[in-house]
Protein chains: 2
Amino acid sequence: MKQIPIFVIAAIMAVSVIGAMTVSAGGADDESSPIFGLKIPPRYRDWRLISVAHEEGKLNDLRAILGNDIAIKAYREGKLPFPDGAIIAALHYGHVPSEENNNVFGRSQSFVAGPPTNVQFMVKDSKKYATTGGWGFAHFNKDGKPGDEASMKTCFPCHNQIKARDLVFTRYAP
Amino acid sequence: MKQIPIFVIAAIMAVSVIGAMTVSAGGADDESSPIFGLKIPPRYRDWRLISVAHEEGKLNDLRAILGNDIAIKAYREGKLPFPDGAIIAALHYGHVPSEENNNVFGRSQSFVAGPPTNVQFMVKDSKKYATTGGWGFAHFNKDGKPGDEASMKTCFPCHNQIKARDLVFTRYAP
(Lines give C-alpha, C1' and ligand atoms only; values in the text may rest on other atoms or scores of the structure.)
Protein backbone atom coordinates (compact mmCIF):
# COMPACT_ATOMS: atom_id res chain seq x y z
CA MET A 1 0.00 0.00 0.00
CA LYS A 2 1.26 3.47 -0.94
CA GLN A 3 1.93 5.78 1.96
CA ILE A 4 2.43 9.54 2.03
CA PRO A 5 4.78 10.87 4.74
CA ILE A 6 2.98 13.31 7.03
CA PHE A 7 5.58 16.05 6.38
CA VAL A 8 4.65 15.96 2.70
CA ILE A 9 0.99 16.54 3.58
CA ALA A 10 1.97 19.31 5.99
CA ALA A 11 4.10 20.95 3.30
CA ILE A 12 1.27 20.79 0.75
CA MET A 13 -1.16 22.30 3.25
CA ALA A 14 1.30 25.07 4.16
CA VAL A 15 1.83 25.98 0.50
CA SER A 16 -1.93 26.06 -0.03
CA VAL A 17 -2.44 28.40 2.90
CA ILE A 18 0.40 30.72 1.92
CA GLY A 19 -0.89 30.77 -1.65
CA ALA A 20 -4.37 31.66 -0.45
CA MET A 21 -3.07 34.51 1.68
CA THR A 22 -0.94 36.26 -0.91
CA VAL A 23 -3.18 36.16 -3.96
CA SER A 24 -5.86 38.82 -3.88
CA ALA A 25 -8.92 38.46 -6.08
CA GLY A 26 -9.94 42.02 -5.29
CA GLY A 27 -6.59 43.67 -5.95
CA ALA A 28 -4.51 44.28 -2.86
CA ASP A 29 -2.94 47.64 -2.24
CA ASP A 30 0.16 48.55 -0.29
CA GLU A 31 -1.28 51.62 1.39
CA SER A 32 -2.85 51.40 4.82
CA SER A 33 -6.02 53.13 5.91
CA PRO A 34 -5.19 55.98 8.36
CA ILE A 35 -5.78 55.79 12.14
CA PHE A 36 -6.47 52.04 12.11
CA GLY A 37 -3.51 51.00 9.91
CA LEU A 38 -5.48 48.47 7.90
CA LYS A 39 -4.75 47.16 4.42
CA ILE A 40 -7.14 45.53 1.99
CA PRO A 41 -7.55 41.94 3.27
CA PRO A 42 -6.31 39.36 0.75
CA ARG A 43 -8.99 37.46 -1.17
CA TYR A 44 -11.91 39.33 0.41
CA ARG A 45 -13.74 39.06 -2.95
CA ASP A 46 -14.00 35.31 -2.30
CA TRP A 47 -15.78 35.74 1.05
CA ARG A 48 -19.36 34.61 1.58
CA LEU A 49 -22.38 36.85 1.39
CA ILE A 50 -23.89 38.47 4.47
CA SER A 51 -26.49 40.59 2.68
CA VAL A 52 -27.21 43.15 -0.03
CA ALA A 53 -28.35 46.76 0.25
CA HIS A 54 -29.18 49.90 -1.70
CA GLU A 55 -28.47 53.49 -0.73
CA GLU A 56 -30.25 56.31 -2.52
CA GLY A 57 -29.29 60.00 -2.38
CA LYS A 58 -25.69 61.08 -2.85
CA LEU A 59 -24.39 57.54 -2.35
CA ASN A 60 -26.68 56.10 -5.07
CA ASP A 61 -25.15 52.64 -4.82
CA LEU A 62 -25.75 48.91 -4.68
CA ARG A 63 -23.94 47.09 -1.89
CA ALA A 64 -22.72 43.58 -1.30
CA ILE A 65 -21.71 42.88 2.27
CA LEU A 66 -19.38 39.90 2.65
CA GLY A 67 -17.80 38.30 5.70
CA ASN A 68 -14.73 36.21 6.37
CA ASP A 69 -15.29 32.75 7.90
CA ILE A 70 -15.21 34.06 11.48
CA ALA A 71 -17.80 36.74 10.72
CA ILE A 72 -20.12 34.37 8.80
CA LYS A 73 -19.99 31.81 11.63
CA ALA A 74 -20.85 34.47 14.22
CA TYR A 75 -23.73 35.77 12.09
CA ARG A 76 -25.18 32.31 11.55
CA GLU A 77 -24.92 31.47 15.23
CA GLY A 78 -26.42 34.84 16.15
CA LYS A 79 -23.38 35.44 18.35
CA LEU A 80 -22.65 38.95 19.65
CA PRO A 81 -20.23 40.57 20.14
CA PHE A 82 -18.33 39.41 17.06
CA PRO A 83 -15.18 37.50 18.02
CA ASP A 84 -11.70 38.83 17.33
CA GLY A 85 -10.66 38.11 13.76
CA ALA A 86 -14.09 38.80 12.29
CA ILE A 87 -13.91 41.00 9.19
CA ILE A 88 -16.86 42.48 7.35
CA ALA A 89 -16.41 43.88 3.84
CA ALA A 90 -18.80 46.32 2.16
CA LEU A 91 -18.39 46.37 -1.62
CA HIS A 92 -20.05 49.43 -3.12
CA TYR A 93 -21.03 49.76 -6.78
CA GLY A 94 -22.89 52.40 -8.77
CA HIS A 95 -26.68 51.83 -8.93
CA VAL A 96 -26.97 51.80 -12.70
CA PRO A 97 -30.02 51.20 -14.91
CA SER A 98 -29.61 48.24 -17.24
CA GLU A 99 -30.91 49.14 -20.70
CA GLU A 100 -30.07 45.62 -21.76
CA ASN A 101 -32.37 44.05 -19.14
CA ASN A 102 -35.08 46.68 -19.58
CA ASN A 103 -35.23 45.96 -23.31
CA VAL A 104 -35.83 42.28 -22.66
CA PHE A 105 -38.35 42.90 -19.87
CA GLY A 106 -40.17 45.55 -21.90
CA ARG A 107 -40.14 48.04 -19.03
CA SER A 108 -37.70 50.22 -17.08
CA GLN A 109 -37.17 48.50 -13.77
CA SER A 110 -33.76 46.89 -13.74
CA PHE A 111 -30.71 48.24 -11.92
CA VAL A 112 -27.37 46.47 -11.82
CA ALA A 113 -23.98 46.96 -10.21
CA GLY A 114 -22.07 49.64 -12.09
CA PRO A 115 -18.37 50.37 -11.60
CA PRO A 116 -17.08 49.89 -8.04
CA THR A 117 -17.06 53.15 -6.06
CA ASN A 118 -15.21 52.01 -2.95
CA VAL A 119 -14.77 49.14 -0.54
CA GLN A 120 -14.89 49.36 3.26
CA PHE A 121 -13.89 46.98 6.01
CA MET A 122 -14.57 46.50 9.72
CA VAL A 123 -11.96 44.38 11.51
CA LYS A 124 -12.61 43.08 15.02
CA ASP A 125 -9.68 43.21 17.42
CA SER A 126 -10.97 43.97 20.89
CA LYS A 127 -7.54 44.87 22.31
CA LYS A 128 -6.01 46.79 19.41
CA TYR A 129 -9.18 48.80 18.78
CA ALA A 130 -10.43 49.01 22.38
CA THR A 131 -11.15 52.75 22.10
CA THR A 132 -13.43 52.28 19.06
CA GLY A 133 -15.65 49.50 20.32
CA GLY A 134 -13.21 46.77 19.33
CA TRP A 135 -13.48 47.57 15.63
CA GLY A 136 -10.93 48.95 13.20
CA PHE A 137 -12.33 50.70 10.13
CA ALA A 138 -10.92 51.01 6.62
CA HIS A 139 -12.05 52.66 3.40
CA PHE A 140 -10.43 52.32 -0.02
CA ASN A 141 -11.47 54.23 -3.11
CA LYS A 142 -11.88 52.48 -6.45
CA ASP A 143 -8.22 53.24 -7.26
CA GLY A 144 -7.13 51.42 -4.08
CA LYS A 145 -6.22 54.65 -2.25
CA PRO A 146 -7.30 54.72 1.41
CA GLY A 147 -9.72 57.33 2.73
CA ASP A 148 -8.10 60.34 4.46
CA GLU A 149 -7.77 60.75 8.21
CA ALA A 150 -10.66 63.22 8.54
CA SER A 151 -13.12 60.87 6.85
CA MET A 152 -11.88 57.90 8.89
CA LYS A 153 -12.71 59.79 12.09
CA THR A 154 -16.39 59.66 11.13
CA CYS A 155 -16.63 55.83 11.08
CA PHE A 156 -16.75 55.08 14.78
CA PRO A 157 -19.22 57.77 15.95
CA CYS A 158 -21.71 56.64 13.30
CA HIS A 159 -21.30 52.89 13.87
CA ASN A 160 -21.36 53.47 17.62
CA GLN A 161 -25.05 54.39 17.27
CA ILE A 162 -25.85 50.73 16.58
CA LYS A 163 -24.33 49.44 19.82
CA ALA A 164 -27.02 46.79 20.33
CA ARG A 165 -25.65 44.90 17.33
CA ASP A 166 -21.97 45.40 18.18
CA LEU A 167 -21.69 48.45 15.86
CA VAL A 168 -22.67 46.46 12.76
CA PHE A 169 -25.57 47.79 10.68
CA THR A 170 -25.97 44.84 8.32
CA ARG A 171 -28.20 41.96 9.33
CA TYR A 172 -27.69 38.50 7.87
CA ALA A 173 -29.91 37.64 4.87
CA PRO A 174 -30.90 33.95 4.94
CA MET B 1 8.57 9.44 10.98
CA LYS B 2 4.81 9.06 11.20
CA GLN B 3 3.05 8.05 8.03
CA ILE B 4 -0.64 8.14 7.12
CA PRO B 5 -1.84 5.40 4.75
CA ILE B 6 -3.28 6.86 1.56
CA PHE B 7 -6.59 5.03 2.05
CA VAL B 8 -7.10 6.93 5.33
CA ILE B 9 -6.60 10.24 3.50
CA ALA B 10 -8.96 9.09 0.74
CA ALA B 11 -11.57 8.11 3.32
CA ILE B 12 -11.31 11.48 5.10
CA MET B 13 -11.64 13.31 1.79
CA ALA B 14 -14.66 11.22 0.80
CA VAL B 15 -16.40 11.92 4.10
CA SER B 16 -15.71 15.64 3.73
CA VAL B 17 -17.15 15.72 0.23
CA ILE B 18 -20.25 13.71 1.19
CA GLY B 19 -20.72 15.94 4.23
CA ALA B 20 -20.47 19.04 2.06
CA MET B 21 -23.01 17.72 -0.40
CA THR B 22 -25.71 16.76 2.05
CA VAL B 23 -25.70 19.72 4.41
CA SER B 24 -27.56 22.71 3.00
CA ALA B 25 -26.99 26.16 4.43
CA GLY B 26 -29.95 27.48 2.50
CA GLY B 27 -32.39 24.73 3.43
CA ALA B 28 -32.67 21.94 0.89
CA ASP B 29 -36.07 20.79 -0.29
CA ASP B 30 -37.14 17.44 -1.63
CA GLU B 31 -39.31 18.74 -4.45
CA SER B 32 -37.92 19.20 -7.93
CA SER B 33 -38.59 22.11 -10.21
CA PRO B 34 -40.86 21.03 -13.12
CA ILE B 35 -39.61 20.45 -16.69
CA PHE B 36 -35.93 20.56 -15.72
CA GLY B 37 -36.14 18.27 -12.67
CA LEU B 38 -33.81 20.35 -10.55
CA LYS B 39 -33.57 20.48 -6.76
CA ILE B 40 -32.08 23.23 -4.62
CA PRO B 41 -28.30 22.73 -4.87
CA PRO B 42 -26.75 21.90 -1.49
CA ARG B 43 -24.82 24.72 0.19
CA TYR B 44 -25.57 27.30 -2.51
CA ARG B 45 -25.74 29.96 0.24
CA ASP B 46 -21.97 29.48 0.68
CA TRP B 47 -21.16 30.24 -2.96
CA ARG B 48 -19.20 33.30 -4.00
CA LEU B 49 -20.69 36.54 -5.22
CA ILE B 50 -21.13 37.30 -8.92
CA SER B 51 -23.00 40.59 -8.52
CA VAL B 52 -25.91 42.43 -6.94
CA ALA B 53 -29.00 43.95 -8.55
CA HIS B 54 -32.26 45.77 -7.87
CA GLU B 55 -35.57 45.34 -9.66
CA GLU B 56 -38.27 47.95 -9.27
CA GLY B 57 -41.93 47.54 -10.24
CA LYS B 58 -43.86 44.44 -9.25
CA LEU B 59 -40.69 42.54 -8.36
CA ASN B 60 -39.48 45.30 -5.99
CA ASP B 61 -36.50 43.28 -4.84
CA LEU B 62 -32.81 43.27 -4.01
CA ARG B 63 -30.81 40.47 -5.58
CA ALA B 64 -27.62 38.63 -4.82
CA ILE B 65 -26.31 36.52 -7.66
CA LEU B 66 -23.93 33.78 -6.56
CA GLY B 67 -22.00 31.15 -8.51
CA ASN B 68 -20.55 27.75 -7.76
CA ASP B 69 -16.79 27.33 -8.29
CA ILE B 70 -17.17 26.39 -11.97
CA ALA B 71 -19.33 29.44 -12.68
CA ILE B 72 -17.04 31.85 -10.79
CA LYS B 73 -13.97 30.52 -12.61
CA ALA B 74 -15.67 30.95 -16.00
CA TYR B 75 -16.76 34.49 -15.12
CA ARG B 76 -13.30 35.53 -13.95
CA GLU B 77 -11.67 34.07 -17.05
CA GLY B 78 -14.30 35.70 -19.25
CA LYS B 79 -14.99 32.28 -20.72
CA LEU B 80 -18.16 31.72 -22.78
CA PRO B 81 -20.11 29.51 -23.12
CA PHE B 82 -20.17 28.47 -19.47
CA PRO B 83 -18.83 24.93 -19.01
CA ASP B 84 -21.03 22.03 -17.92
CA GLY B 85 -21.45 22.00 -14.17
CA ALA B 86 -21.69 25.78 -13.83
CA ILE B 87 -24.57 26.84 -11.59
CA ILE B 88 -25.76 30.40 -11.05
CA ALA B 89 -28.04 31.20 -8.11
CA ALA B 90 -30.23 34.30 -7.85
CA LEU B 91 -31.28 35.06 -4.27
CA HIS B 92 -34.18 37.50 -4.20
CA TYR B 93 -35.17 39.56 -1.16
CA GLY B 94 -37.71 42.28 -0.55
CA HIS B 95 -36.39 45.83 -1.17
CA VAL B 96 -37.21 47.20 2.26
CA PRO B 97 -36.52 50.66 3.73
CA SER B 98 -34.36 50.53 6.86
CA GLU B 99 -35.78 52.91 9.47
CA GLU B 100 -32.89 51.92 11.70
CA ASN B 101 -30.28 53.08 9.19
CA ASN B 102 -32.28 56.15 8.15
CA ASN B 103 -32.46 57.31 11.78
CA VAL B 104 -28.69 57.13 12.11
CA PHE B 105 -28.03 58.79 8.75
CA GLY B 106 -30.62 61.48 9.40
CA ARG B 107 -32.29 60.99 6.01
CA SER B 108 -34.42 58.41 4.17
CA GLN B 109 -32.11 56.69 1.74
CA SER B 110 -31.33 53.22 3.01
CA PHE B 111 -32.84 50.00 1.68
CA VAL B 112 -31.88 46.56 2.91
CA ALA B 113 -32.71 42.95 2.12
CA GLY B 114 -36.12 42.09 3.53
CA PRO B 115 -37.49 38.55 3.77
CA PRO B 116 -36.46 36.21 0.93
CA THR B 117 -39.05 36.09 -1.86
CA ASN B 118 -37.63 33.25 -3.93
CA VAL B 119 -34.42 31.69 -5.21
CA GLN B 120 -33.69 30.74 -8.81
CA PHE B 121 -30.99 28.63 -10.42
CA MET B 122 -29.47 28.11 -13.85
CA VAL B 123 -27.63 24.81 -14.25
CA LYS B 124 -25.39 24.20 -17.28
CA ASP B 125 -25.59 20.74 -18.81
CA SER B 126 -25.18 21.05 -22.55
CA LYS B 127 -26.42 17.52 -23.28
CA LYS B 128 -29.29 17.22 -20.80
CA TYR B 129 -30.63 20.67 -21.59
CA ALA B 130 -29.68 20.83 -25.28
CA THR B 131 -33.13 22.12 -26.30
CA THR B 132 -32.93 25.11 -23.91
CA GLY B 133 -29.50 26.45 -24.79
CA GLY B 134 -27.70 24.02 -22.47
CA TRP B 135 -29.31 25.48 -19.36
CA GLY B 136 -31.75 24.00 -16.91
CA PHE B 137 -33.84 26.48 -14.93
CA ALA B 138 -35.30 26.24 -11.44
CA HIS B 139 -37.40 28.48 -9.23
CA PHE B 140 -38.25 27.92 -5.56
CA ASN B 141 -40.59 30.08 -3.53
CA LYS B 142 -39.66 31.19 -0.03
CA ASP B 143 -41.37 28.09 1.39
CA GLY B 144 -39.12 25.86 -0.76
CA LYS B 145 -41.93 24.91 -3.17
CA PRO B 146 -40.88 24.89 -6.85
CA GLY B 147 -42.52 27.16 -9.40
CA ASP B 148 -45.28 25.55 -11.51
CA GLU B 149 -44.81 24.20 -15.01
CA ALA B 150 -46.44 27.17 -16.75
CA SER B 151 -44.08 29.66 -15.10
CA MET B 152 -41.05 27.46 -15.81
CA LYS B 153 -41.86 27.58 -19.52
CA THR B 154 -41.16 31.33 -19.49
CA CYS B 155 -37.51 31.01 -18.37
CA PHE B 156 -35.87 29.92 -21.60
CA PRO B 157 -37.60 32.30 -24.08
CA CYS B 158 -36.62 35.26 -21.89
CA HIS B 159 -33.03 34.16 -21.22
CA ASN B 160 -32.64 33.21 -24.88
CA GLN B 161 -32.78 36.91 -25.72
CA ILE B 162 -29.33 37.35 -24.20
CA LYS B 163 -27.64 34.76 -26.43
CA ALA B 164 -24.43 36.78 -26.78
CA ARG B 165 -23.69 36.09 -23.12
CA ASP B 166 -24.77 32.45 -23.15
CA LEU B 167 -28.26 33.28 -21.82
CA VAL B 168 -26.92 34.85 -18.64
CA PHE B 169 -28.03 38.40 -17.82
CA THR B 170 -25.75 39.04 -14.85
CA ARG B 171 -22.28 40.43 -15.49
CA TYR B 172 -19.48 39.89 -12.98
CA ALA B 173 -18.92 42.75 -10.50
CA PRO B 174 -15.20 43.12 -9.72
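Quick notes on this structure:
- Tally, over segment A:68-85, of residues that are among the charged types (D, E, K, R) and either within 16 Å of A:Phe169 (Cβ to Cβ) or in a loop (DSSP other than H, G, I, E, B) (or both): 2
- Residue count for segment B:119-167, restricted to those that are on the phi > 0 side of the Ramachandran plot, surrounded by fewer than 22 Cβ atoms within 10 Å (Cβ to Cβ) and touching a strand residue (DSSP E or B) at 6+ places or on another chain (Cβ under 7 Å): 1
- Of all residues in segment A:86-99, those satisfying the criterion of being touching a strand residue (DSSP E or B) at 6+ places or on another chain (Cβ under 8 Å) and either aromatic (Phe, Trp, Tyr) or not in a loop (DSSP other than H, G, I, E, B) (or both) are A:Ile87, A:Ile88, A:Ala89, A:Ala90, A:Leu91, A:His92, A:Tyr93, A:Gly94, A:His95, A:Val96, A:Pro97.
- Answer residue from segment B:96-123, given it is in contact with a Gly (Cβ under 7 Å, 6 or more places away or on another chain) and not hydrophobic (A, V, I, L, M, F, W, C) and is farthest from the other protein chains (Cβ to nearest Cβ) among those: B:Thr117
- Scanning segment B:44-58 for residues that are facing another protein chain (nearest Cβ under 7 Å) and in a strand (DSSP E or B) yields B:Arg48, B:Leu49, B:Ser51, B:Val52, B:Ala53, B:His54, B:Glu55.
- In summary, A:Pro83 fulfils each of the numbered conditions (1) open to solvent by less than 60 Å² (accessible area, probe 1.4 Å); (2) under 15 Å from the mean Cα position of the chain (by Cα) with the single exception of condition (2).
- Segment A:68-87, residues that are more than 14 Å from chain B (Cβ to nearest Cβ) and modelled with pLDDT of 95 or more: A:Ile70, A:Ala74, A:Gly78, A:Leu80, A:Pro81, A:Phe82, A:Pro83, A:Asp84, A:Gly85, A:Ala86, A:Ile87
- Taking every residue in segment A:144-162 that is more than 13 Å from A:Phe121 (Cβ to Cβ) and pairing it with any residue that is open to solvent by 90 Å² or more (accessible area, probe 1.4 Å), at least 6 positions away or on another chain, the pairs with Cβ-Cβ distances below 8 Å are A:Glu149/A:Ile35; A:Lys153/A:Ile35.
- Residue match in segment B:96-108 (condition: open to solvent by 10 Å² or more (accessible area, probe 1.4 Å), free of Cβ contacts under 8 Å to residues at least 12 places away in the same chain and under 26 Å from A:Glu100 (Cα atoms)): no
- Matching entry among A:Leu62, A:Leu66 (being under 22 Å from B:Leu91 (Cα atoms) and in contact with a His (Cβ under 8 Å, 6 or more places away or on another chain)): A:Leu62
- Matching option when the condition is among the hydrophobic types (A, V, I, L, M, F, W, C), assigned to a loop (DSSP other than H, G, I, E, B) and either modelled with pLDDT of 95 or more or crowded, with 23+ Cβ neighbours inside 10 Å (or both), among B:Ile40, B:Ile65: B:Ile40
- Which listed residue, of B:Ala90, B:Ala53, B:Ala138, B:Ala64, is in contact (Cβ under 8 Å) with a residue 60 or more places away in the chain, within 26 Å of A:Asp46 (Cβ to Cβ) and in contact with a Leu (Cβ under 6 Å, 6 or more places away or on another chain): B:Ala138
The values are calculated or read from the model by the stated rules, or taken from the named source; none is laboratory data. Since the structure is predicted, the reported quantities are computational estimates derived from the model, not experimental observations. Note that each Cβ is placed from the backbone with ideal geometry, even for glycine, and that neighbours are counted across all protein chains shown. Just so you know, the surface numbers come from the protein's heavy atoms only, side chains and all, with ligands and any DNA or RNA stripped out. Shrake-Rupley method; radii C 1.70, N 1.55, O 1.52, S 1.80 Å.
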